[in-house]
Every structure is written in structure tokens, then in C-alpha cells.
Amino acid sequence: MGYMSLVFMNVVLPILILIAIGALFQRRFHFQLTPISKLLTSCFMPAAVFLNIYEAQFDMQLLAQLVFYLLVFTGSTMALGQLLAKVLKLKRGEGAALKNSISLMNSGNYGLPVSQLIFSANPLGVSVQIIVLVFQNLLTYTYGLYNLLSATKSIVDIGKSLVKLPIVHALLAGIVFQAFAWPIPGFVLVPLEQLANGFVALALFLLGAQLAGIRLRSFHRAIAWSLLGRLVAGPAFALLFIFTLGIEGVVAQSLFIASSFPTSRNTATLALEHEVEPELHAQIVLYSTLLSCVTATAVIHLASVLF
């Protein structure tokens, strides 16, 4: 079985099934999505992010090598998003969707399974992806949230909103507990793990419910540019910086493959939570996930050839 079939069957297809279940149940029962979104962002998501950071095993030498690359790569995608939003003269909410869709990748329930599949015989490749995942979590709840909230709020209000977010508290707690290697009692760790394990399913279910009411025929122009930015420009930037910085071997493979992942599903969840173009965000996530089964496969093959 080739790379395309493996990636599709083991990663993309399960994601699409969960999205389809959410859409079917929404059409049947007509859920109120805002309370579900609040439950996801206030409970399930903080638990998942905290554990991702707390349980990550960091190699400090590897971390030092990757930080500069991630800053340069992310800065380039952010600059591209800002430029496109300005050139296309998008409204603030639409511009936020475009900028977030290019910079924020699905490094969790898409990226980790892909890396575990490809680097099953080489844990270093998975370790690189975990570092990318942590970096993307930080980026999502800083830059990503700023883009969403700046569409409707002032700088002062944005600061107040960020301080109150449970996800920010979870990020800080995860960093502190990880840095000091503080143990977590089993009676606390077990419910945290159960919440974290339920996060992906609930997030994809919610995404499907969002998509159930969307008329996909109304293809917004921002979607095409976001797909080009995330799935084409992203890997191109990554390849440029990998060669420029002299990164080689498994680390280069893992970073190049990570650059091909679709738009983070969290963009749609947070957009629904803050009511900033939730339909546009959801469509971008859906289309990028579908198209990535082709583009990510091409990048995986190219990574095996180049590195």
C-alpha cells in the first residue's frame, strides 16, 4: 500500500468520518452549537493542551536547533497572510480567517499520526513533530486568538479576554509543570487524560455540525488563497529555510512534512466560540483537510527523496 493510501486510510478517513457524524447528527437533532463550543474551549481543549506540553520530552539541543527555524518559518507564513489579506482587501473577520488558515497547522490529530506512521522506526522524527505541536499550540492561542479578537475588539479588550481564557492558564500550567518536572497525582491525571482523549472527537464532531448548515457552493475567494498559502506556499517556505539553515536527515524530513499539514481545526472551533466568520473558517478546515491527502502525500514522497 502506497503513502497516499496509508495516509488517507489511517489519518484522513477517520477525521472525515467524525466530521460526517457531526454533520449527520446536527441535521437530525439541530444542536445549539455555542454551548458545545464553550464546553470544548473551556474544558476539553485546556486539558489536551496541558497534557501535550506536560508530557512532551524535550531534547534541549534539538529544541535550540529548531527554535530559529520555527520562528523564521512561522514569520514567513504570517507575513504572507497579512500581505494577502491587505491585497485582497478582505473584511477584518475574513482577513482573520485567511491569516490563521495559512499560519496555523493541524499538528495534533493530523500531524502526530502522520509522523508516527512515517517515523515508526525513528523516534527523532516524532520528537520533532511534538516540538512543532507545542509551538503551534502557543501560536494558536496568541497570534491566532489576536487575529480573531481584533476583528471585533480593541487592544485593551483583547488583553482582558486573553487573560481570562482557560487555555492560557492551561498553557502556563503545562510549561511550569514541565519545567519543574512536578508529578501529577493519579486521581488528577486520569480525568485529565480522559478529557484530553475526548477532545479530538468532540472537536471534529463540532466541526461537522458547523458544516451541516453551510452551503459549500458559496466558495469564498479567501478559501482558494488560504489553500494555496497553507498547502503550497507553506512547504515551499519550509524547503527554502531547511536548505538555507543546513538542516539535514530525519529532522529535515520531519519539518518538511510538518509544513504540509492542513489548517488547524482549532481555527474553526475558536471562530465559532468568538463568532468571527465561523462558516468561512469551517469551510477552510474542511477543504484543506480533503486536499491535503494529495498535497501531504506529495511532500512525504519528496521528503524521502531529498533527505
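What FRET efficiency comes out for the pair V163/R92, r = Cβ-Cβ distance, R0 = 30 Å, nearest 0.05? Walk me through the numbers before you get to the answer.
Details: r = 22 Å, r/R0 = 0.74.
So the FRET efficiency works out to roughly 0.85.
Which shape class, rounded, prolate or oblate, goes with the chain when its Cα gyration tensor gives a ≥ b ≥ c as root eigenvalues, a/c under 1.5 marks rounded, and past that a/b bigger than b/c marks prolate?
On the way: a/c = 1.28, a/b = 1.11, b/c = 1.15.
Rounded, since a/c falls under 1.5.
Probe radius 1.4 Å, ligands and nucleic acids ignored: give me the carbon and sulfur share of the accessible area of the chain as a rounded percent. Don't skip to the end; give the middle numbers.
Details: 9330 of 13820 Å².
C and S fraction of accessible area: 68 percent.
Rounded to the nearest 0.05, what FRET efficiency is calculated for L71 and V190 with R0 set to 45 Å and r the Cβ-Cβ distance?
Working: r = 36 Å, r/R0 = 0.81.
It comes to 0.80.
Hey, what's the chain come to in accessible area per residue, 1.4 Å probe, Å²?
Details: 13820 Å² over 307 residues.
Heavy-atom SASA per residue in the chain reads 45 Å².
Which value in deg cm²/dmol, rounded to the nearest 500, describes the helix-derived mean residue ellipticity at 222 nm for the chain, given -39,500 (n - 2.57) per DSSP H run of n ≥ 4 and division by the residue count? Write out the running numbers ahead of the final one.
Details: 17 runs with 231 residues, N = 307.
Dividing the helical sum by the residues of the chain leaves -24000 deg cm²/dmol.
Just grab the label-to-label distance for A20 and N197, each label 7 Å out from Cα along the Cβ direction, in nm (one decimal).
2.5
Assuming 0.36 nm per residue, please report the length gained on full extension of the stretch L6 to L291 beyond their Cα-Cα distance.
Between L6 and L291, full extension yields 101.1 nm more.
Determine the shape class of the stretch 171-272: with a ≥ b ≥ c the square roots of the Cα gyration tensor eigenvalues, call it rounded for a/c under 1.5, and otherwise prolate if a/b is greater than b/c, oblate otherwise. Could you put the intermediate results ahead of the total?
Values: a/c = 3.03, a/b = 1.13, b/c = 2.67.
Note, shape of the stretch 171-272 comes out oblate.
So for the chain, averaging the separation of alpha carbon pairs under 8 Å that are six or more residues apart and normalising by length, what relative contact order in percent results?
On the way: 383 pairs, mean separation 107.7, N = 307.
Relative contact order, the chain: 35 percent.
By average Cβ neighbour count within 10 Å, what is the ranking of 134-143, 40-49, 99-108, 235-244 from highest down?
Ranked from most to least packed, the peptides come out as 99-108, 40-49, 134-143, 235-244.
Can you compute the charge dipole magnitude of the chain about its Cα centre, using +1 on each Lys and Arg Cβ and -1 on each Asp and Glu Cβ, nothing else charged? Give it in debye, rounded to the nearest 20.
Values: 16 positive and 10 negative charges, 205 e Å.
With only Lys, Arg, Asp and Glu charged at Cβ, the dipole is about 980 debye.
Per-residue counts of other Cβ atoms within 10 Å, averaged by peptide: what ranking do you get for 179-192, 7-20, 249-262, highest first? Walk me through the numbers on the way to the answer.
Working: 179-192: 10.1, 7-20: 18.3, 249-262: 23.7.
With the highest mean Cβ count within 10 Å placed first, the list reads 249-262, 7-20, 179-192.
Excluding same-chain pairs closer than 8 in sequence, count the lysine pairs in the chain whose Cα atoms lie under 14 Å apart. Please report the intermediate quantities before stating the final value.
Details: K38/K164; K86/K99; K89/K99; K91/K99.
Here the count comes out as 4.
Can you name the helices of the chain, as whole DSSP H runs, whose Cα span along the helix axis is 30 Å or more and whose Kyte-Doolittle mean is not below -1.0? Intermediate results must be reported in sequence, preceding the final value.
On the way: long enough: 60-87 (40 Å, 1.40); 186-212 (39 Å, 1.61); 278-306 (39 Å, 1.29).
Span-like helices in the chain: 60-87, 186-212, 278-306.
Once you place label points 7 Å from the Cα toward the Cβ at A298 and A179, how far apart are they in nm?
4.2
How would the stretch 19-139 be classified by its alpha-carbon gyration tensor: rounded, prolate or oblate, with rounded meaning a/c under 1.5 and the a/b versus b/c comparison settling the rest? Walk me through the numbers before you get to the answer.
Values: a/c = 2.11, a/b = 1.21, b/c = 1.74.
Note, shape of the stretch 19-139 comes out oblate.
Need the full-extension length gain, A236 to I155, defined as separation in residues times 0.36 nm minus the C-alpha distance. One decimal, nm.
Working: separation 81, 0.36 × 81 = 29.16 nm, distance 3.34 nm.
Length difference between fully extended and current span is 25.8 nm.
The values are calculated or read from the model by the stated rules, or taken from the named source; none is laboratory data. All of these numbers come straight from a predicted model, not from anything done at the bench. FYI the Cβ positions are ideal-geometry reconstructions off the backbone, even for glycines, and counts take in every protein chain you see. The protein model used for the area step is the full one, side chains on, heavy atoms only, and it has no ligands, DNA or RNA in it. Shrake-Rupley method; radii C 1.70, N 1.55, O 1.52, S 1.80 Å.
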